[in-house]
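The values are calculated or read from the model by the stated rules, or taken from the named source; none is laboratory data. What you are looking at is a predicted structure, and each value in this text was computed from that prediction instead of being measured. Every residue, glycine as well, gets a Cβ built from its backbone with ideal geometry; the counts of neighbours run over all protein chains shown. Areas reflect the complete protein model, heavy atoms only, side chains present, ligands, DNA and RNA absent. Shrake-Rupley method; radii C 1.70, N 1.55, O 1.52, S 1.80 Å.
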Amino acid sequence: MFPQQFPAAAVLFLLLSSTISAQQQVRGSNIVVNQNVANAFLLKKVMPVFGDEVMSMNTSGQIVIAFTIDKAGKVTHAMVVDRDLSGRKSVNIQDPHLRQTALDAVKQWAYRPYLLHGAPVDIDTSVALLFNFAHPSSPIVKLGEAAPLPANSTAPSNNADIGSASVGEFGKPLIDPKMAESRLTGRVEPQYPQMAKIARIQGDVVLHILIDKQGHVAKVKQKSGHPMLIQAAIDAVNKWDYQPFLLNGQPTDVETFVTVRFRP
């Protein structure tokens, strides 16, 4: 299925040009796709690594970046924008180091070429990256705290003991899904399986994940969900990224649960 086409994609950059410097030049393509469509072609994703001067700002928000994916799948003409065509706004991005670091990361992303009538074409898209520096020294995972589990999930047997309730089945601290979500910096939406669409199958997939010290998803284990939806959820979540979690001031592996929703 081809993404929705717009007759004049250059409108994207006209609407978003309020944050572009005079030196930046942009070139619109003939096709504009949303982030979910572009994510289906994503091959390489580099997350921004912010310096201490940025992470000490005690703030949170999101940065929206518009860019072109060329015929070879490379990111070109990337820029920070105030708002994209989906209405997503950049929030708390005044710091130039924050902006440039996020921009430099997205410029390293790579995609499979998008084909139109069998031939590669340029496409325009945008991405919203979340950041949360509201508590620079947190989250501190307290081993005496139990993390609430999502509905329909099965807790590991050692969670019955309050003293070890925060240790998950991978042997790492188990944190509240809401805490983990607040640290999410990169989320790839799942590609709805075509057969599931045809069969009108929908619902939620609950996964138990291990997040490593760098904030990457290192392990994924299914907990619940329709068999036709589980692999698509796992493929997407494997590409998620988080701000590193700290335990006593040091980066640590953590575990949590995520829920991936499939709706037609």
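Worth a mention:
- Whole-percent carbon and sulfur share, accessible surface of segment 161-233, 1.4 Å: 51 percent
- Pairwise label distance in nanometres, Asn248 with Arg112, each label 7 Å out on the Cα-Cβ vector: 4.6 nm
- Cut-off under 5 Å, modelled amide H: who pairs with Leu247 long-range: Thr252
- Amide H contacts under 5 Å for His216: Tyr242, restricted to partners 5 or more places along the chain or on a different chain, H placed in the peptide plane at 1.01 Å from N.
- Averaged over its residues, segment 35-135 has an accessible area of 45 Å² per residue, based on protein heavy atoms and a 1.4 Å probe.
- Tensor-based shape of segment 161-264 (alpha-carbon gyration tensor, a/c under 1.5 rounded, otherwise prolate or oblate): prolate
- For the pair Ser86 and Lys197 in one chain, pulling the backbone fully straight at 0.36 nm per residue adds 37.6 nm over the alpha carbon distance.
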